[in-house]
Amino acid sequence: MNALKAELYKASTLPAVWAGFALTVVGCIALEVLLASQGDVTGTDSLPMGTVGAAVIGVVAFSSEYTANSADAGGGRQITTTLTTTPSKTRVLLTKALTIVILIVLSAVVAMPVAVGIARPDVPADELLTSCLGATLYWVLSGLLGFAITVVLRNGVIPLILLILNSSLVSVSLLLTKLTSLAYWLPDLAGRRLFGSGVRTVDSGLDAVPGGLVMAGWAVLLCLLAGFVFARRDA
Amino acid sequence: MITIDQLVKRRGSRTVLDNVGFTARPGRVTAFLGPNGAGKSSTLRILLGLDRADDGHALFDGRPYRTLPDPLRTVGSMLEGSGAHRSRTARNHLAWVARSNGIPRRRVAEVLAEVGLAADARVRVAKYSLGMGQRLGIAAALLGEPQILVLDEPVNGLDPEGIRWIRRLLRDHADAGGTVLLSSHLMTEVADVADDLVVIANGRIVTTGTVTEVTSGYADLEEAFFALTGVTR
């Protein structure tokens, strides 16, 4: 419990985490306003945008552990302090992952009601709720994927580029579907229908429930790999 | 009491630590001396559970670091300077460290005052000098009021006043019955404060003993150090 308290405090005092949080909240709301000015909106159509911020939170929460101070200041990294305060590596990873989940869910609680409020769609409330819960799950899983990759690489640059590009500008996974239908099983496309009917997506691919399970499977697999690598190597 | 016994660490085909063993006793300041790259940090990292040894033990009162509950209350340590993220303030850094081991919040202000950083508590660590980073690292080590202190190169980057301050701090800690283990590649900086010396070179312990024992037969500690570590001037 102390370790979780420490991780939550650590995350809440890291500017990069707030940048990710703001990216999600402001990104979704701004996009919803823009879409609403262009015509019919569903309230959930802006939510894929929040994936970027969620991925940023997942990545920076862990990459910050490996940010080195300048050589003039000793060149130390925070991971040394983290592991001397909490020597169990499993506990460090679990509390870190839990912190990421809490922050992303919090960003969803802030962003989604506002986006839906702007759109005021003519959609039954239960359907809207399902879409929002699905979108939250998609964000959380994206954050955990970013986290797991960062643990393995001990660096946030590659996962950030990968996840931001893939979820905002050009979807590499989507391009890959032109080559092989196996690409529909990649995490970002598999979970695509979690956003519900309010978000237009690829015509083929997996349905919401099996797709969500496949995406969750990816997240679990990569987190296990991260745990294995982290436990075995020297800090 | 710190007991290090038959520690072996290999990196690839290179043996970084070759049967390293020594003790650091309560009430005494033990200085772990050796040139850069001799194996001081590797030994301390294994002692603090950060790296894994290929063989041997490193124990605090018979227990490995990883099994200590709320370890900061037993062992205070500093490795690699401040160990703080550059975009955090000293206060926020110490606040999360305190939370992680259930240490009361008031200790943060107390240790900041003790190491002389009270006025810079709200400055981001990125703006700290090497000496200020060292002081913050020492503040974190003192946070849990531990009986044992393990400090890697604590005098590095401190100005003369800072060196005098750290010597006083370590001396007082040992005089109060605490165990102090510090590493240094600067023998003259620690000669005045150390009771026991452990000298390492090329991953092997070359000598251990009191300052008088280690320096007997040599003009001074510096002579002894160069002769023992095989470093030619």
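None of the figures in this text is laboratory data; all of them are computed from the coordinates on show. Note that the structure is a prediction, hence the values are computed from the model and not measured. No Cβ is skipped: glycine too gets one built from the backbone with ideal geometry, and neighbour counts run over all protein chains shown.
List the aspartates and glutamates whose alpha-carbon lies under 17 Å from that of A:K89, not counting same-chain residues fewer than 8 positions away?
A:E7, A:E65, A:D234, B:D51, B:D70
How much length is gained on full extension from A:R120 to A:Q38, taking 0.36 nm per residue of separation minus their Cα-Cα distance?
Numbers: separation 82, 0.36 × 82 = 29.52 nm, distance 1.45 nm.
Going from the current span to full extension adds 28.1 nm.
How do A:101-107, B:41-47, A:203-209 rank on mean C-beta neighbours within 10 Å, highest first?
Values: A:101-107: 20.0, B:41-47: 24.4, A:203-209: 12.7.
Ranked from most to least packed, the peptides come out as B:41-47, A:101-107, A:203-209.
Applying 1/(1 + (r/R0)^6) with R0 = 51 Å to the Cβ-Cβ distance of A:S204 and A:A71, what FRET efficiency is obtained, to the nearest 0.05? All intermediate terms of the calculation are to be shown ahead of the outcome.
Values: r = 52 Å, r/R0 = 1.03.
After rounding, the FRET efficiency stands at 0.45.
Within 10 Å of each Cβ in peptide A:61-69, how many partner chain Cβ atoms are there on average? Round it to a whole number, please.
Working: counts 0, 0, 0, 4, 1, 1, 4, 2, 12.
The shielding value for this peptide is 3.
Over the whole of A:102-108, what's the average partner chain Cβ count within 10 Å per residue? Rounded to a whole number, please. List each step's numbers first, then the result.
On the way: counts 0, 0, 0, 0, 0, 0, 0.
For peptide A:102-108, the averaged partner shielding equals 0.
Would you mind working out the magnitude of the charge dipole of chain A relative to its Cα centre, with +1 at each Lys and Arg C-beta and -1 at each Asp and Glu C-beta, to the nearest 20 Debye?
On the way: 14 positive and 13 negative charges, 174 e Å.
In debye, rounded to 20, chain A gives about 840.
Run down the lysines and flag those whose C-alpha is under 29 Å from the C-alpha of B:K127, throwing out any fewer than 8 positions away in its chain.
Filter leaves A:K5, A:K10, A:K96, B:K40.
What's the FRET efficiency of A:F228 with B:R171 using the Cβ-Cβ distance as r and R₀ = 45 Å, to the nearest 0.05?
Numbers: r = 45 Å, r/R0 = 1.00.
Given R0 = 45 Å and the Cβ-Cβ separation, E is 0.50.
Could you work out the Rg to Rh ratio of chain B, with Rh taken as the Kirkwood radius (inverse of the mean 1/r over all Cα pairs)? Please list the in-between numbers first.
Details: Rg = 17.4 Å, Rh = 18.0 Å.
A ratio of 0.96.
If the chain between B:N36 and B:R11 were fully stretched, how many nm would it gain, using 0.36 nm times the residue separation less the Cα-Cα distance? Each step should come with its number before you reach the end.
Details: separation 25, 0.36 × 25 = 9.00 nm, distance 1.68 nm.
That works out to 7.3 nm of additional length.
Given chain B, what percent of its DSSP beta bridges are antiparallel, to the nearest 5?
Values: 20 of 38 bridges.
Beta bridges within chain B, antiparallel portion: roughly 55 percent.
Sticking with the crude label model, points 7 Å out along Cα→Cβ, report the distance from A:L165 to B:R164 in nm, one decimal please.
Going by the 7 Å Cα→Cβ label model, 5.8 nm.
Based on a Kirkwood Rh over C-alpha pairs, give the Stokes-Einstein translational diffusion coefficient of chain A at 37 °C and viscosity 0.692 mPa s in µm²/s.
Details: Rh = 18.3 Å.
The Stokes-Einstein estimate is 179 µm²/s.
If you average 1/r over all unlike Cα pairs in region B:83-137 and invert the result, what Kirkwood radius do you get in angstrom?
Averaging 1/r across every pair of different Cα atoms and inverting gives 11.0 Å.
Under a plain spin-label model, where a point goes 7 Å from the Cα along Cα-to-Cβ, how far apart in nm are B:A227 and B:A119?
4.6 nm
Per-residue ellipticity at 222 nm for chain B, helices alone: DSSP H runs ≥ 4 residues times -39500 (n - 2.57), over residue total, nearest 500 deg cm²/dmol?
Working: 8 runs with 76 residues, N = 233.
Using -39500 (n - 2.57) per qualifying helix, the result is -9500 deg cm²/dmol.
When Rg is the radius of gyration of the Cα atoms in the protein assembly as shown and Rh is its Kirkwood radius, what does Rg/Rh come to? Don't jump to the answer; show the numbers that get you there.
On the way: Rg = 26.4 Å, Rh = 24.3 Å.
Dividing the radius of gyration by the Kirkwood radius yields 1.08.
In region B:18-46, whose amide N lies under 19 Å from the spot 7 Å out along Cα-to-Cβ of B:D61? List them in ranges.
It comes to B:23-30, nothing else.
To the nearest 0.05, how large is the calculated FRET efficiency for B:D192 and A:K178 if R₀ is 56 Å and r is the Cβ-Cβ distance? Please list the in-between numbers first.
Working: r = 73 Å, r/R0 = 1.30.
With a Förster radius of 56 Å, E is 0.15.
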